[in-house]
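*Asks:* The following block contains the structure, expressed as structure tokens.
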Amino acid sequence: MRFLPPLIPTDLALYQTENGEKSMRIAKALFLKLMLGASLPANFAQAESLKVAGPWEITGIEPAQTGYVFSRLQVAETLVTTDRQGALVPGLAESWSVSEDGLTWTFKLRGNAAFHDGTPVTAEATVASLQRALAGVGVLSQAPIGEISVEGDDIQIRLTKPFSALPAYLVHFSTIVLAPSSFDAAGKITQIVGTGPYKVKALTPPARLELEGSGAWWGGEPGIPEVNYLAVGQGETRALMAESGEADLVFSMLPVSVDRLKANPKLDVQIATIPRTRLLKVNAASPFFDQVEERQAISAAIDRVGTTKVILRNADLAATQLFPPAMKGWNSPDVKPLEKDIEKAKELLKAAGWMPGSDGILEKDGTRFSVSLLTYASWPELPPIATALQAQLRQVGIDVKVSVGNSSEIPARHQDGTLEMGLVSRLYSIVPDPVGTLLQDYGPGGSDWGSMGWDNKEMQAIVDQLATTSDPALRAPLQKRAVEILQEELPSIPVTWSELAIVSSKRIAGVEVDPLEVNYRLSSIRWAQ
């Protein structure tokens, strides 16, 4: 683990000499070599390969853990997927239906789908994958599933109670369908054998993944048959890779880098607002956050507008409530927006029993209000936002120690109960129906990325009702009340909403931004003419 502030290089111009641009390119190449710890893989720079860089490490091959990497890069597929507008569309299942009582769902497989090992995608193989997902820690365990079985050539899922969000759950990366050859005799995954346009050629955890065309995808041949993915944690390093040509496609850029990259005639920059919120995950069972007044005070101390304006270069991303405006029906104009109010924060903390000590830090019953805030650098804006929050909370007498670790430390510390505060980036379309995330985040016991130590029976009842109906008229008042509870109780404290910035070389064409981050559609990319 390393401590803030992180090293972000900003003065490469010092290396520029009378040779101008050529010297700058050399300096950038040398810097990249130092930042990446070694030379790039020899095949990473091959012209015939699509070179992709992103912040996401591949820490394992369990679908519930890193299945999103294989889903986004089109190695493995789910029964249901989404289009660019977020609507559910066929994946490996060409169609689905539900019985009149809402208890039995039937999914019809594509007849021309095959696994990368050449075997056909059968109902038996698909059911085996789904049963494994159901028994694990993925989202299927949150659904009221009684049985997953084979019905002729189809998959049948029987529920214990109606659950309208089931098809949306089957978009989640933990439900990717893998071939029987992916597992050993004990059922442990030993390799990823999926159904997408790309198959795994080589995997070097945690940073490198080499892909090649599968040759048998039901959707046709990919435009560029070779893809090399490199996980690079530092956002500025990824920006330099785009500028130097070491990467053709780069995901998740810092706003300060985006400004510079937009001026580069060799690059295209696309930005999409996404249903993702950066929030403070607090341990509501701890003596620092167990009173609602304490959580409300934390919120009132945050300067969201200033933070988003300076760090994200867009004041409109200040999160005045949990769900961003793009989430229709969930962003409510009726709730009082979260705003900075230092005096209110101090009054709330005083009401909760916290009084300033001799050094200005609050104390109660001999305990100083001193907490640790954990975040991670795979989303490059999180460490600087954490630093800003550290300074803002100091103004109301809260001592915050910021540390930057791996994203895996957040769920680990949730599970062992040692997490005090975490600054996380939470995607609310991880299941395209937000009810899926709400069930997971604010149900009994909370979740790794949701609430911690917070138990609200009314919220749980509302989410249960939302899960049983798809009728917009019935859902609207329930969604409104759910938003009101979250706004008042603040089991998670919103800080900013999000944009996704993608930078691509003009050597390639057909790049699409998926605002739900389900599928990056690499197979649609071609070399530009």
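*Asks:* Mind checking the per residue accessible area of segment 417-529 for me, 1.4 Å probe, whole number of Å²?
*Replies:* Accessible area per residue: 33 Å².
*Asks:* Leaving out same-chain residues fewer than 8 places away, which aspartates and glutamates sit with a Cα under 16 Å from that of Lys262?
*Replies:* Reachable aspartates and glutamates: Glu236, Glu243, Asp248, Glu499.
*Asks:* Ignoring everything except DSSP H segments at least 4 long, calculate the 222 nm mean residue ellipticity for the chain; use -39,500 (n - 2.57) per segment, divide by total residues, nearest 500.
*Replies:* Estimated from H runs of four or more residues: -8000 deg cm²/dmol.
*Asks:* Any idea what the alpha-carbon Rg over 2.2 N^0.38 Å comes to for the chain?
*Replies:* Taking the Cα Rg and dividing by 2.2 N^0.38 Å, one obtains 1.00.
*Asks:* Now, a different point. Only Cα pairs under 8 Å and at least 6 apart count here; give the relative contact order of the chain as a rounded whole percent.
*Replies:* Taking the mean separation of contacting Cα pairs over the length of the chain, I get 20 percent.
*Asks:* Here's a follow-up. Ranked from highest to lowest mean number of other Cβ atoms within 10 Å per residue, what is the order of the peptides 480-492, 433-445, 63-75?
*Replies:* Packing order, densest peptide first, comes out as 63-75, 433-445, 480-492.
*Asks:* Now for a separate question. Answer with one residue from Ala53, Ile361, Ala113: the one whose Cα lies farthest towards the positive end of the charge dipole of the chain, charges on Cβ with Lys, Arg +1 and Asp, Glu -1.
*Replies:* Ala53
*Asks:* Compute from the Cα atoms of segment 116-183 the Rg and the Dmax, the latter being the longest Cα-Cα distance, and quote both in angstrom.
*Replies:* Final numbers for Rg and Dmax: 12.0, 38 Å.
*Asks:* What's the carbon and sulfur percent of the chain's accessible surface, probe 1.4 angstrom, rounded to a whole number?
*Replies:* Carbon plus sulfur share of accessible area: 52 percent.
*Asks:* OK, next. Quick check for you: with a 1.4 Å probe and neighbouring chains kept, what is the accessible area per residue of segment 150-308, in Å²?
*Replies:* Dividing the accessible area of segment 150-308 by its residue count gives 33 Å².
*Asks:* Considering only the other residues whose Cβ falls under 15 Å of the Cβ of Gly138, what net charge follows from Lys and Arg at +1 and Asp and Glu at -1?
*Replies:* Local charge sum for Gly138: -2.
*Asks:* Report the charge-dipole magnitude of the chain in Debye, nearest 20, computed about the Cα centre from +1 at each Lys and Arg Cβ and -1 at each Asp and Glu Cβ.
*Replies:* So the magnitude is around 1160 debye.
*Asks:* Same structure again: For each pair in Lys281/Lys401; Lys328/Lys457; Lys309/Lys350; Lys51/Lys506; Lys336/Lys480, compute the distance between the two Cα atoms and list the pairs where it is over 21 Å.
*Replies:* Lys328/Lys457; Lys309/Lys350
The values are calculated or read from the model by the stated rules, or taken from the named source; none is laboratory data. If you're wondering where the values come from, they're calculated on a predicted model, not measured in any experiment. Please note: Cβ atoms are built from the backbone with ideal geometry, for glycine as well, and neighbour counts cover all protein chains shown. These accessible areas exclude ligands, DNA and RNA; they are computed on the full protein's heavy atoms, side chains included. Shrake-Rupley method; radii C 1.70, N 1.55, O 1.52, S 1.80 Å.
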